[in-house]
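Engineer: The structure's right below; bear with me while I get my questions together.
All of the numbers you see were taken from the coordinates with simple rules; none came from a lab. Just so it is clear, the structure is predicted and the values come from calculations on it, not from any experiment. A quick note on method: Cβ atoms are made from the backbone with ideal geometry, for glycine too, and the neighbour counts reach across all protein chains shown.
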Ligand code: ADP
Ligand code: MG
């Protein structure tokens, strides 16, 4: 038996391993299974090129828990190691790898943004074990060896009688890590990290029900048999060629990724590049709600089919983190902080590649099946609008397929919309005014007034739309957006011909005084007398576009003016001086009746803006019954 000391520059690396990677102990299993997978795939390669003259067969990796013995075994049928190789790869290479990693990690440990802890490798076993054994037999015709190390730099190496090719790693689980002797914990880890690894992984057995033999009676139980419990799918969809996959395959892979998700994805994007970086993956557009925050962190990042993290911030552009799916790339550096990641050239290229692929896919969906694209618009608009706001490259492309639906369900692109409304909705300053509503029901009377004029009214209701309107107004020429209740209809789109008022200046003064006498101090409405069509409403409450939009922008993050989010709503009360009722108010002699007419009119205006509530509403209803009597 040989014994020796692992070359250590630090006195003892094992306490360091434990200390530094405290929070991430569980990754040891991923590391060991990665090594087992590497060993298996290396053998596959060697047999395929004739270097190894052995039968490759159908190798699997087995994970076994020995609860009584407090041991965890990881067994592979890969290429194994000779004595020389153990000395070299375990005592020198693996060790120096681990040491190098820890040195690097020590520097960046204060940086909160470490992603995963890839690369610690074999020695991560010492995070959970106080003794580790390796029993390995090379595919070469050499005796098997048994290496053992008890967590100090001292190891022993002796002959072993292992007959089958491959490597068995035995971890003697430390007292503070007995969770890793629990089947459910190991299952959980295998599901998390190894679900799509390329070599089948066995963890225990399971009972499979066989078909009943012919002639079996109804009450006879179906025969069963014990089979290997293989926990992974070694050939996940993203590793295949898009041409070999049908729509159904993508959908079933989605279910495999998100077993708890019952919605079907709307469509998918298969990513596949090998130059100038390596990246494969499948992204799915799920049905999205208007809540921006709860839907993040659903994309999983893999490296060569090994799960790394589900936080892809910095790699996938922010607006696409609402999508789902997987990205697999060996080219993403993992042991670095996020700020470094965002500055990394390869990562930047990956991010812009993904943006471009998503834009191209959307564009082709739009071109090839517009009807279908329109039907999905409501579920995807939030991503597209967010992308248009945050990525200029995406804006340029999306401007051609982003849709603007009308309240009647017609979908226009921006260009089509411009063409459609330019005749009727250009104001006297040659500005194109785009009218919109955010709520079809609540703004019904305003929408109706706009439609009477032959105007198109869009229905724009996503939470970030005010930001997008702001961006469109500054990036395109001579356009502005106005919500239908931003002003009265003649002012929303101001044309040359102004109406002539039926009232004289004197009468206007008197009307204003009458109104103010009734509203008194309580009102937060600015009264505005306007000469409008005699059949337009006599009283209209409006909410100026600018203030309202700034407030909205601030409520949905950024933009707008400081402090606006907390300001009270500001309303204008437009009084149509050409309306009969207004003349009647002016000419009514009894103060009591005048007051009642004014109150009733104001309440009706409030009602149509959805502002009449509580005690005011109760009072209004009572007064109305009195009036119909
Ligand atoms: P890495 O996997 O990055 O090379 P590790 O520390 O995980 O680093 O492993 C060090 C080396 O030990 C591997 O490169 C490999 O040569 C050898 N090794 C580890 N596990 C196995 C195994 N199960 N079968 C064969 N060789 C192994
Ligand atoms: Mg490794």
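Engineer: I need the Debye-formula profile for the range 129-267: one equal scatterer per C-alpha, no solvent, reported as log10 I(q)/I(0) at q = 0.16 1/Å, two decimals.
Structural biologist: Cα-only, vacuum Debye calculation for the range 129-267: -1.09.
Engineer: How big is D for the range 479-550, in µm² s⁻¹ as a whole number, if Stokes-Einstein is applied with the Kirkwood radius of its Cα pairs at 20 °C and 1.002 mPa s? Don't jump to the answer; show the numbers that get you there.
Structural biologist: Working: Rh = 14.1 Å.
It diffuses with D of about 152 µm²/s by this estimate.
Engineer: Whole percent per 10 Å bin, from 0 to the bin with the longest distance: what is P(r) over all C-alpha pairs of the range 427-469?
Structural biologist: Histogramming the range 427-469 at 10 Å steps yields 26, 49, 25, 1 percent.
Engineer: What do you get for the angle between helix 370-390 and the principal long axis of the chain? Use alpha-carbon atoms, 0 to 90 degrees, nearest ten.
Structural biologist: Tilt of helix 370-390: around 80 degrees.
Engineer: Another question, then. Helix 95-108: angle to the longest alpha-carbon principal axis of the chain, degrees 0 to 90, nearest 10?
Structural biologist: 30
Engineer: Could I ask something else about it? Nearest 10 degrees, 0 to 90: what angle lies between the long axis of helix 465-475 and the longest principal axis of the chain (Cα atoms)?
Structural biologist: With rounding to tens, the tilt is 80 degrees.
Engineer: Percent antiparallel among DSSP beta bridges with both residues in the chain, to the nearest 5? Walk me through the intermediate numbers first.
Structural biologist: Numbers: 62 of 83 bridges.
Beta bridges within the chain, antiparallel portion: roughly 75 percent.
Engineer: In bins 10 Å wide, starting from 0, what share of all Cα pairs of the range 350-455 does each bin hold, as a percent?
Structural biologist: Per 10 Å bin, starting at 0, the Cα pair percentages come out as 13, 39, 32, 14, 2, 0.
Engineer: Any chance you could tell me what percent of the C-alpha pair distances in the chain go past 44 Å?
Structural biologist: Working: 89037 of 197506 pairs.
Of all Cα-Cα distances in the chain, 45 percent exceed 44 Å.
Engineer: Per DSSP H run of at least 4 residues, take -39500 (n - 2.57); add these up for the chain, divide by its residues and hand me the 222 nm value, nearest 500 deg cm²/dmol. Walk me through the intermediate numbers first.
Structural biologist: Values: 18 runs with 223 residues, N = 629.
Calculated from helices alone, the mean residue ellipticity at 222 nm is -11000 deg cm²/dmol.
Engineer: Could you tell me the ratio Rg/Rh of the range 237-375? Both radii from Cα atoms, Rh via Kirkwood.
Structural biologist: Numbers: Rg = 14.8 Å, Rh = 15.7 Å.
With Rh from the inverse mean 1/r over Cα pairs, Rg/Rh is 0.95.
Engineer: Another question, then. Ranked highest first by the average count of other Cβ atoms within 10 Å around their residues, in what order do 175-185, 308-318 fall?
Structural biologist: 308-318, 175-185
Engineer: Taking every DSSP beta bridge with both residues inside the range 290-447, roughly what % is antiparallel (nearest 5)?
Structural biologist: Numbers: 6 of 11 bridges.
Looking only at bridges with both residues in the range 290-447, the antiparallel portion is about 55 percent.
Engineer: So what is log10(I(q)/I(0)) for the range 403-492 at q = 0.11, 0.15, 0.22, 0.26 1/Å, when the Debye sum runs over its Cα atoms only?
Structural biologist: Those come out to -0.26, -0.51, -1.20, -1.71, one per q.
Engineer: For the range 403-492, give the share of DSSP beta bridges that are antiparallel, in percent and rounded to the nearest 5; count only bridges with both residues there.
Structural biologist: Numbers: 4 of 12 bridges.
Roughly 35 percent of the beta bridges in the range 403-492 run antiparallel, per DSSP.
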